[in-house]
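Since the structure comes first, as structure tokens, the remarks are kept for the end.
The values are calculated or read from the model by the stated rules, or taken from the named source; none is laboratory data. These numbers come from a predicted model, not from an experiment. Heads up, the Cβs are rebuilt from the backbone with ideal geometry, glycines too, and the neighbour counts pull from every protein chain shown. Keep in mind that these areas ignore ligands, DNA and RNA; they rest on the heavy atoms of the full protein, side chains included. Shrake-Rupley method; radii C 1.70, N 1.55, O 1.52, S 1.80 Å.
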Amino acid sequence: MGLIKAGIGALGGVLADQWKEFFYCDSLENDVLMVKGQKRVGGRSSNTKGSDNIISNGSGIAVADGQCMIIVEQGKVVEVCAEPGEFTYDSSTEPSIFSGKLGDSIKETFKLIGKRFTYGGDTGKDQRVYYFNTKEILDNKFGTPNPFMFEVVNKRLGMSRTVQVRCNGIYSYRISDPILFYTKIAGNVSDEYRRDEIDMQLKTEFISALQPAFARLTELELRPAQIPAHTTELKDAMNAALKVEWTDRRGISVESIALNPITLTEEDMKKINQMEDAATLGSNPFMMAGRMTDAQANAMEAAAANEGGAMTGFMGMGMAMNANGGFNAQQMYQAGVQQTAQQQTAQNTWKCACGATVSGNFCTECGAKKPSDEGWTCSCGAVNKGKFCPNCGAKKPEGAPLYQCDKCGWKPEDPKNPPKFCPECGDRFDENDVK
């Protein structure tokens with residue numbers, strides 16, 4: 001038994017003159033997840049007294065967009081179709097699967113759960129048609145009744161702190177595997193299966209999965225306030241956290257998540273700001289100097305307005321500076337200048353062929369000139385340093401090898417045609433001198 005396209009069946013003579021019965025499903029509401037198909041018998045039908053749970057050979061079955069249809073015989077799934085269109089039920093063919101947009105995963109589930117019949121088998125005593133709502137099920141509100149732990153990480157600053165967060169919003173889900181949903185959840189309902197029968201269970205599991213999903217977002221080094229802008233990553237993390245309970249057991253997947261701003265306790269937020277400020281200032285002497293200058297100015301204003309007299313205030317300020325090691329803004333500015341000079345020196349250093357590391361234009365050990373980092377000129381006129389010209393895409397010409405003495409760094413006037421021996425150190429030119 002199987003399904004074939006109605007048009008193909010009519011041309012092949014399967015229907016003869018008319019369909020015996022016609023199964024269809026009206027538009028499914030957002031609250032209805034599964035419904036039993038309705039049999040519509042026309043006045044010219046030859047099966048006006050047939051049973052509701054028997055599908056006659058040659059009957060027509062319609063499937064609309066956003067729906068998936070299954071045929072259940074004796075409690076076993078024998079046909080699946082998620083492709084919109086009209087089909088003919090033919091008891092003389094092998095079962096078929098029209099997977100539609102649901103993909104190949106539903107085929108694998110059908111092979112594991114479905115029951116295959118031989119050619120010409122009897123239709124059985126109980127046959128039913130069920131339709132599933134495969135559209136996105138929207139407007140599922142959620143909120144965390146209790147705060148859960150979230151680790152705020154900033155590897156650049158070397159900062160890590162665990163905070164307590166609360167969140168709320170809405171999510172949507174979709175029946176991605178109707179066969180699993182039928183066999184594990186809905187079963188042989190007489191009429192319809194509505195979302196309110198499973199919503200509370202799904203919401204509880206969704207909230208429980210938030211903490212492991214947020215833990216996956218720790219790798220992105222997000223502040224809690226940035227998470228609502230990364231709902232795609234959160235959706236993927238939620239599907240991973242709910243894979244066993246939702247995807248593998250029930251055939252349901254998370255489609256989208258919308259979060260309201262995530263709230264932290266005032267203490268946690270203040271502590272994070274302090275840690276970030278300290279890390280930023282500690283790595284930048286100029287910023288630290290500016291902070292100290294501002295603090296000293298404020299301290300001087302406070303000292304001048306001290307109720308015990310300005311001298312008492314200034315004495316207290318001096319004691320505080322001595323307790324801090326006596327550092328002042330001028331020292332921090334000097335440290336910043338030294339740090340900047342060291343960084344610039346490190347950027348301008350180069351390694352000579354003799355092994356010395358120098359920062360000038362000539363090697364202090366052997367006197368060799370700093371190698372030129374000039375690029376090559378392409379045929380289009382562009383000067384480049386890479387292997388391909390970014391202007392026209394031409395490859396850098398290989399040309400003849402360039403020679404430079406690997407002992408003292410001496411270069412011949414024509415670097416492509418060196419002498420046999422270096423005139424400066426007497427070393428023989430060989431493959432080690434090719435640059």
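Numbers below:
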| quantity | calculated |
| --- | --- |
| Search result, residues across region 157-180 that are at pLDDT below 85 and open to solvent by 20 Å² or more (accessible area, probe 1.4 Å) | Leu157, Gly158, Ser160, Arg161, Thr162, Gln164 |
| Conditions (1) crowded, with 16+ Cβ neighbours inside 10 Å; (2) at pLDDT below 65; (3) not hydroxyl-bearing (Ser, Thr, Tyr): number failed by Phe142 | (2) |
| Pairs, first under 23 Å from Asp139 (Cβ atoms) and touching a residue at least 40 places away in the same chain (Cβ under 8 Å) in region 176-202, second of a type in the set (Ser, Thr, Tyr) and assigned to a loop (DSSP other than H, G, I, E, B), C-beta under 9 Å, six or more apart | Ser176/Thr134; Pro178/Thr134 |
| From the options Lys135, Lys125, residue that is part of a loop (DSSP other than H, G, I, E, B), open to solvent by 40 Å² or more (accessible area, probe 1.4 Å), at pLDDT below 65 and basic (Lys, Arg) | Lys125 |
| Residue in region 16-51 that is modelled with the lowest pLDDT, counting only those that are in contact with a strand residue (DSSP E or B) (Cβ under 6 Å, 6 or more places away or on another chain) and not in a strand (DSSP E or B) | Trp19 |
| Residue list for region 209-225, filter: in a helix (DSSP H, G or I) and surrounded by 15 or more Cβ atoms within 10 Å (Cβ to Cβ) | Leu210, Ala213, Phe214, Ala215, Arg216, Leu217, Pro224 |
| Candidate set: region 226-276, residues that are open to solvent by less than 60 Å² (accessible area, probe 1.4 Å), assigned to a helix (DSSP H, G or I) and of a type in the set (Val, Ile, Thr); chosen: the one nearest to Ala186 (Cα to Cα) | Thr247 |
| Subset of region 199-208 (residues that are closer than 20 Å to Asn146 by Cβ and either open to solvent by less than 60 Å² (accessible area, probe 1.4 Å) or touching a Gly at 6+ places or on another chain (Cβ under 7 Å) (or both)) | Leu202, Glu205, Phe206, Ile207 |
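Yes/no per residue for (1) open to solvent by 20 Å² or more (accessible area, probe 1.4 Å); (2) at pLDDT 90 or above; (3) among the β-branched types (Val, Ile, Thr); (4) within 27 Å of the chain's Cα centre (by Cα):
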{"site": "Lys111", "(1), (2), (3), (4)": "yes, no, no, no"}
{"site": "Tyr119", "(1), (2), (3), (4)": "yes, no, no, no"}
{"site": "Lys155", "(1), (2), (3), (4)": "yes, no, no, yes"}
{"site": "Tyr182", "(1), (2), (3), (4)": "no, yes, no, no"}
{"site": "Asp191", "(1), (2), (3), (4)": "yes, no, no, no"}
{"site": "Glu197", "(1), (2), (3), (4)": "yes, yes, no, no"}
